[in-house]
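Step one of this worksheet: look at the structure below.
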Amino acid sequence: MIFINLVISMNLFRWLHDETYLPAVVPTARRQVSAASRFIGSRSVSWRRHKYETTNFATIIYFSLGFDMESSSVKLILFIIVTCGLYYVSRKSLRVMTSHGFYRFIAWESILALLLLNMSAWFSNPFSIQQIASWLFLIGSLVLLINGIHQLRSSGNSSDVRQDETLYTFEKTTTIVTSGIYHYIRHPLYASLLYLAIGVFLKDITWYSVCLIVVVTISIVTTAKKDEVECIRFFGPIYKDYILGTKMFVPFLF
């Protein structure tokens with residue numbers, strides 16, 4: 001059995017690095033597993049029965065661990081599971097349609113759909129210009145996320161004085177953060193989501209992904225606008241001045 005698992009693991013490893021290997025691997029896997037079974041199988045078990053069992057065992061392993069990850073049903077299940085998690089962490093915002101969290105949830109859902117849609121193209125043509133641009137956006141997204149959260153936590157003076165149940169704890173800032181990345185753009189965390197979406201979109205450009213990236217962009221811009229309304233309500237004219245001196249998502253541009 002250990003030898004059988006080794007054979008299957010070797011083929012799964014090869015498939016993970018070469019998706020074109022997938023369609024032709026099943027017949028070979030069946031022959032390999034059957035040969036391994038004959039080698040270690042009990043003489044008391046008939047060859048016909050042993051071949052049937054081991055062949056189906058290999059097929060089940062391949063299709064459950066490998067092939068099904070590309071199927072629509074598994075992607076739908078993943079979408080539902082992650083959506084439940086996003087709904088839970090957004091439940092307070094979703095009760096208030098005017099909150100920025102309401103539209104952030106729409107952006108999260110659209111990005112999730114985009115991720116699942118382009119899952120199979122994540123590592124295809126790794127040295128193409130399209131893939132390189134994709135990875136640059138994804139790396140930029142991570143940099144913005146880390147820097148943005150760090151600045152909010154270290155300089156924002158989060159406090160329950162800002163009583164808004166739709167905000168996460170680190171969002172309840174009582175000081176306008178203007179250091180670090182916030183010196184150039186007002187919404188690095190939302191910019192991070194936008195860059196993430198663009199990076200995933202570039203993995204495989206289709207009509208479906210075009211529609212999703214449009215929804216993501218509109219949702220994130222709306223989220224930022226709603227957030228600014230909330231900040232103006234709390235900070236007053238000082239935040240308006242901050243808006244005039246910075247860009248929304250892209251330093252010096254937009």
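Read-outs: derived from the displayed coordinates by stated rules, not from any lab. Bear in mind the structure is a predicted one, so any value in this text is a computation, not a measurement. Note: ideal-geometry Cβ built from the backbone for every residue, glycine included; neighbour counts use all protein chains shown.
In table form, for the structure just shown:
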read-out: Cα pair distances in segment 72-244, grouped into 5 Å bins until the bin that holds the longest one, percent each; value: 1, 8, 15, 19, 20, 15, 10, 7, 4, 1, 0
read-out: At q = 0.22 Å⁻¹, base-10 log of I(q)/I(0) for segment 109-211 (Debye sum, equal scatterers on each alpha carbon); value: -1.04
read-out: Lysines with Cα under 20 Å of residue 203, excluding same-chain neighbours fewer than 8 positions away; value: 75
read-out: Sorted by Cβ density within 10 Å, fewest first, the residues 76, 94; value: 76, 94
read-out: Hydrodynamic radius of segment 198-254 per Kirkwood, over alpha carbon pairs, in Å; value: 13.2
read-out: Of 92/226; 92/225; 92/247, those spanning more than 24 Å from alpha-carbon to alpha-carbon; value: 92/247
read-out: Loop-located chymotrypsin sites (Phe, Trp or Tyr not before Pro) in segment 145-188 whose Cβ has at most 16 other Cβ within 10 Å (DSSP); value: 168, 184
